[in-house]
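Asks: Take this structure first; my questions come after.
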Amino acid sequence: MNNPMLLPKVSEKAYGLSKEANTYVFEVIGDANKAAIAKQVEGEFEVTVTKVNVVNVKGKSKRMINRRGRATRGKRSDVKRAYVTVADGDHIPVFAAIDEAEEKAKKAQKAADRKAKK
């Protein structure tokens, strides 16, 4: 396995983990292992990986209605997720846009507070 394709998982849980525990969540291909994932993250984002946890998430069974009005069973794809913890001080810019928006909102709030005081 040479290239475990990394797709960052953008969710509230992933964002919270990145802020609190310096852990980032990626969806990887099914045959990726921890060593290959760590190597690719270090090479791609120039960070030091301290820990990698891998989870296989089974796809949910879903009921779908076809054109004739009959119910059929379907299944979502199985997914393999990698929880990658990087060293303190290192940062992966997965949520850069969200961080910029938060900073912009804080600055706007401060400006509004200053105007309200005057």
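Asks: Restricting attention to the range 99-115, does a residue exist that is among the aliphatic types (A, V, I, L, M) and in contact with a Phe, Trp or Tyr (Cβ under 8 Å, 6 or more places away or on another chain)?
Replies: no
Asks: Count, please, the residues in the range 39-55 that happen to be at pLDDT 95 or above and within 12 Å of residue 26 (Cα to Cα).
Replies: Here the count works out to 4.
Asks: Moving to a separate point now. Among the residues of the range 80-95, is any in contact with a Gly (Cβ under 8 Å, 6 or more places away or on another chain) and modelled with pLDDT of 85 or more?
Replies: yes
Asks: Based on what the data block shows, is residue 77 more than 18 Å from the chain's Cα centre (by Cα), within 30 Å of residue 34 (Cα to Cα) and hydroxyl-bearing (Ser, Thr, Tyr)?
Replies: Judged against the criteria, residue 77 is not a match.
The values are calculated or read from the model by the stated rules, or taken from the named source; none is laboratory data. All values derive from a computational prediction rather than experimental measurement. Reconstructed Cβ throughout: ideal geometry from the backbone, glycine too, with neighbour counts over all protein chains shown.
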